[in-house]
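Report on the structure given below.
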Amino acid sequence: MVIPNPEIRSKLEMVYLKYQKVMYYMALKILKNPQDAQDVVQASVIKLAPYMEKMEDIDCNKTKAYIVTVVRNTSIDLYRKKQRRSLVPFDDIEDQIPDEADSMDNVMIRVGDAAWIKEKLKQLKPEYAEVLMLKYYSDFKDQEIADTLSIPKANVRVRLSRARTALRKLVEKEAQREDREKCAYE
């Protein structure tokens with residue numbers, strides 16, 4: 001009833017009846033949750049409404065591909081939204097941290113030696129050291145870093161990832177060097 005034009009409403013209903021199983025299957029495949037998949041199907045149908053006039057033939061592959069694309073993108077959006085909102089209870093946080101391959105956050109916290117960290121950051125590219133400093137020392141969020149550096153948020157994520165990788169390699173090199181020196185003395 002949200003759609004005032006009866007012709008478009010009828011066409012949308014036909015699209016839903018024809019493709020509801022395909023839409024649900026696609027959403028369920030991504031979300032792995034039946035309730036979320038149903039929500040995505042409904043949201044996708046609403047998103048399709050403004051474009052019903054442009055759809056000439058409901059039975060053509062082009063229409064089906066468009067519908068699947070809308071459902072897939074809506075599912076991915078919901079999945080990402082839920083990932084951002086998922087919180088780990090504080091008591092369970094230790095179970096979430098791997099022992100052998102610590103995350104960069106844990107390395108930075110565990111080390112605690114500011115001079116050592118400063119020395120490692122000097123060995124990185126300046127743009128990598130800058131994003132790490134803003135993220136871990138200034139406790140900035142990605143959007144705040146993007147605003148500070150006048151770069152897109154996506155670039156911040158890429159730089160952070162590359163910076164963590166580069167720093168991890170430096171830490172691993174130093175650990176290997178220390179292991180070799182330790183073995184030489186034994």
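If you take the Cα centroid of segment 1-79 and the Cα centroid of segment 137-180, the two points sit 40 Å apart.
Here the label points at K29 and D57, each 7 Å from Cα along the C-beta direction, are separated by 2.4 nm in the simple model. The modelled label-to-label distance for the pair M133/Q176, using points 7 Å beyond Cα in the direction of Cβ, is 2.9 nm. Counting only protein chain heavy atoms and rolling a 1.4 Å probe, the accessible areas of V15, V45, V158 rank, largest first, as V158, V45, V15. Seen from S10, the other residues with C-beta closer than 13 Å to its C-beta sum to a net charge of 0, counting Lys and Arg as +1 and Asp and Glu as -1. For segment 124-172, the residue among N155, L167, Q143 whose Cα projects farthest onto the positive side of the dipole built from Cβ charges is L167.
The values are calculated or read from the model by the stated rules, or taken from the named source; none is laboratory data. Predicted model, so just to flag it, every value in this text is computed and none were measured. All Cβ positions, glycine included, derive from the backbone under ideal geometry; neighbour counts span all protein chains shown. The area values use the complete protein model at the heavy-atom level, side chains included, leaving out ligands, DNA and RNA. Shrake-Rupley method; radii C 1.70, N 1.55, O 1.52, S 1.80 Å.
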